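Here the structure is laid out as structure tokens; the discussion comes afterwards.
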Amino acid sequence: MDRKERITQLVDEKLPAFTKVSDEIWGYAELCYKEYQSCDCQIKEMERQGFRIERNIAGIETAFIASYGEGHPIVAVLGEYDALAGLNQEADNIHRNSFKPGEPGHGCGHNLLGAASMSAVTAIKEYMQENNLKGTIRYYGCPAEEGGSAKTFMVRDGYFKDVDIALSWHPSQFNYVWDGEDCLGTYNIIFHYKGIAAHAAACPQLGRSALDAVELLNIGVQFLREHIIPEGRIHYAILNSGGTAPNVVQAEAEVSYVIRAPKMADMYDIADRVIRIAEGAAMMTDTTMTKRVVSGTSNLLATKAVFDRYDANLRSFLPVPYTEDELAYAKKFKDSLDVSDRKRMINCLRADYPGKSLKELEEMLDMPMANYICRETGNTASTDAGDVTWVVPGCQLHVACYPAGTPFHSWQMTAMGKSPLAHRSMGIAAKVIAMTALDFILDEKLVQQAKADFIEKLEGQTYRCPLPMDLKPGGH
Ligand SMILES: [Zn+2]
């Protein structure tokens, strides 16, 4: 039996245990940094599978590492398990029907994400035992991907220092390995202004308005937008407008800014300019400004050797032998979707299949499940997995778990999250991850190649953690 057959067998044997974990996490649907039950059920399963557990990673109660083996190479497989606010939805229903209205739901597939990664490392462990392989395999239980930057804290605090290769994946609408080119770094700064309260009619000359400062900052930034790179993004939300009484000069006001760009140097450059405008707003209003960085992530760097192995292994598992029932299930959801970004998806297909006619591309897109490779571009996203790729050679696999056109962060993703189709897709992801990890565990030269490719990818840059050293996870 060759390696691929054995890995397929090992993943398939263990899959029922991990689909159970995935379904349980789907049910818990816990938000960023509150994933206590989701974390516990994973730790229990990994202990049962014979892994060593290290808890409270980077001071985060819901982060853990499960390890097996000794020495190098050390391969890390990352998993996530946080849910999204308001996306509770009845399973398998193509119509919006929340059974706990307003509660969180797994609208980004993170229930599958952690469980498939665990399934992969368990298969790798068995294979290493059977073949007396040297090395270490680790599952990184990473909470709070949605806005919590947990992995960035884990990187900042040195938890990836000894790792040779880091593999991540994400449930998706297409099958591909992400080159990270459209991944944006993010930087979240909160500006707080302090002024002087005064009666707005009786003695306005004594007042110094913090709300005016926030408004001037926002206006300054609107003018800045014309003079940044087109890929840059600046978003803001006023957290505190100072009160509800117009006849009082507002003494306190606060605004939160998120700055994004595909290259970290550009992102920090835009952030510095926003900070200078914020300082200017304080000068103009005679108020004082304090700022604090509350979260941040880096863009994703795909290391070539890892990308290539992931890509080859993914291709080897396609096409997926979906059952008629699975395809009918996917079609039912696909037909219910409002596919407003169809043009973008056709462009993605055109880039990967330049020889095909528009009609052929449309037929591919209309398949119930995208049973082919298609690199998704123009879907600018950010992830804390990016920070890991700045310190360890790695990249991110995407496996089709939902029909093309399913929006991320949607109730439809929650609805499809524990179907046999989702479970099968989890298995495909686990197999591709396991095969790729073993490629590196079995070949020291490939690890060295990945390290050389990683240095090349850095282009002389060094990693700057976007988070301040004194910032605590989940703390603002
Ligand atoms: Zn996600």
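The values are calculated or read from the model by the stated rules, or taken from the named source; none is laboratory data. Just so we're clear, the structure is a prediction, and the values are computed from it rather than from any experiment. Because the Cβ atoms are built from the backbone with ideal geometry, glycine has one as well, and the counts that use them run over all protein chains shown.
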> Restricting the first residue to region 158-180 and requiring it to be free of Cβ contacts under 8 Å to residues at least 40 places away in the same chain, which pairs with a second residue that is assigned to a loop (DSSP other than H, G, I, E, B) and within 15 Å of the ligand (Cβ to nearest atom) meet a Cβ separation below 9 Å and a spacing of at least six or different chains?
Replying inline: none
> Which condition number does residue 127 fail, the rest of (1) in contact with a helix residue (DSSP H, G or I) (Cβ under 6 Å, 6 or more places away or on another chain); (2) closer than 30 Å to residue 452 by Cβ being met?
Replying inline: (1)
>> For region 170-214, which positions are in contact with a Lys or Arg (Cβ under 9 Å, 6 or more places away or on another chain), within 30 Å of residue 78 (Cβ to Cβ) and away from the ligand (no atom under 16 Å from the Cβ)?
In response: 175, 177, 179, 185, 187, 189, 190
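Can you confirm whether region 274-294 contains a residue that is basic (Lys, Arg) and in contact with a helix residue (DSSP H, G or I) (Cβ under 6 Å, 6 or more places away or on another chain)? Steps first, please.
Taking region 274-294 as the starting set, the residues that turn out to be basic (Lys, Arg) are 276, 291-292.
This time we only want the ones that are in contact with a helix residue (DSSP H, G or I) (Cβ under 6 Å, 6 or more places away or on another chain), so: none.
No, the conditions are met nowhere in region 274-294.
From the list 209, 241, exactly one residue is among the hydroxyl-bearing types (Ser, Thr, Tyr) and surrounded by 21 or more Cβ atoms within 10 Å (Cβ to Cβ). Which is it? So that I can check it myself, show each step before the final result.
On the way: 241 fails: surrounded by 21 or more Cβ atoms within 10 Å (Cβ to Cβ).
Exactly one residue qualifies, and that residue is 209.
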> Quick one: what pairs do we get from region 248-275, first residue closer than 16 Å to residue 382 by Cβ, second part of a helix (DSSP H, G or I), C-beta under 7 Å, 6+ apart or different chains?
Replying inline: 257/274; 259/267; 259/270; 259/271; 259/274; 260/267; 261/267; 261/270
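State whether the residues of region 318-325 include one that is in the same structural domain as residue 19 (by TED's automatic domain parsing), within 15 Å of the ligand (Cβ to nearest atom) and in contact (Cβ under 8 Å) with a residue 12 or more places away in the chain. Give the steps one after another, and end with the answer.
At the first step, the residues of region 318-325 found to be in the same structural domain as residue 19 (by TED's automatic domain parsing) are 318-325.
Checking the rest, the ones that are also within 15 Å of the ligand (Cβ to nearest atom) come to none.
Taking every residue of region 318-325 in turn, none turns out to be in the same structural domain as residue 19 (by TED's automatic domain parsing), within 15 Å of the ligand (Cβ to nearest atom) and in contact (Cβ under 8 Å) with a residue 12 or more places away in the chain.
Considering 150, 63, which residue is crowded, with 20+ Cβ neighbours inside 10 Å and within 16 Å of the ligand (Cβ to nearest atom)? Quick ask: steps written out before the conclusion?
Numbers: 63 fails: within 16 Å of the ligand (Cβ to nearest atom).
Only one candidate passes the filter, namely 150.
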> Pairs, please: C-beta under 6 Å, at least 6 apart or cross-chain, first residue not assigned by TED's automatic domain parsing to the domain that holds residue 78 and in region 96-112, second within 16 Å of the ligand (Cβ to nearest atom) and modelled with pLDDT under 95?
Replying inline: none
> Could you say whether any residue in region 41-53 is part of a strand (DSSP E or B), in the same structural domain as residue 15 (by TED's automatic domain parsing) and at pLDDT 95 or above?
Replying inline: yes
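Among the candidates 368, 403, which residue alone is assigned by TED's automatic domain parsing to the domain that holds residue 109, surrounded by fewer than 24 Cβ atoms within 10 Å (Cβ to Cβ) and away from the ligand (no atom under 16 Å from the Cβ)? Can you show your working first?
Working: 403 fails: surrounded by fewer than 24 Cβ atoms within 10 Å (Cβ to Cβ).
Going through 368, 403 in turn, just one is assigned by TED's automatic domain parsing to the domain that holds residue 109, surrounded by fewer than 24 Cβ atoms within 10 Å (Cβ to Cβ) and away from the ligand (no atom under 16 Å from the Cβ): 368.
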> How many residues are buried (at least 24 other Cβ atoms within 10 Å of the Cβ) and in contact with a Pro (Cβ under 8 Å, 6 or more places away or on another chain) when one looks only at region 127-147?
Replying inline: 1
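Just give me the residues in region 145-177 being touching a His at 6+ places or on another chain (Cβ under 9 Å) and closer than 26 Å to residue 39 by Cβ, in sequence order.
Step one: filter region 145-177 for residues touching a His at 6+ places or on another chain (Cβ under 9 Å), giving 145-146, 162, 164, 169-177.
Within region 145-177, 145, 146, 162, 164, 169, 170, 171, 172 qualify.
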> In region 139-185, which residues are aliphatic (A, V, I, L, M), assigned to a loop (DSSP other than H, G, I, E, B) and closer than 16 Å to residue 83 by Cα?
Replying inline: 144
> Is there a residue in region 96-111 that is part of a loop (DSSP other than H, G, I, E, B), under 24 Å from the mean Cα position of the chain (by Cα) and away from the ligand (no atom under 16 Å from the Cβ)?
Replying inline: yes
> Is it true that residue 253 is crowded, with 18+ Cβ neighbours inside 10 Å, touching a Gly at 6+ places or on another chain (Cβ under 8 Å) and closer than 18 Å to residue 293 by Cα?
Replying inline: yes
> Quick one: residue 119 ticks every box in (1) among the small types (Gly, Ala, Ser); (2) assigned to a helix (DSSP H, G or I); (3) within 16 Å of the ligand (Cβ to nearest atom) bar one, so which box is it?
Replying inline: (3)
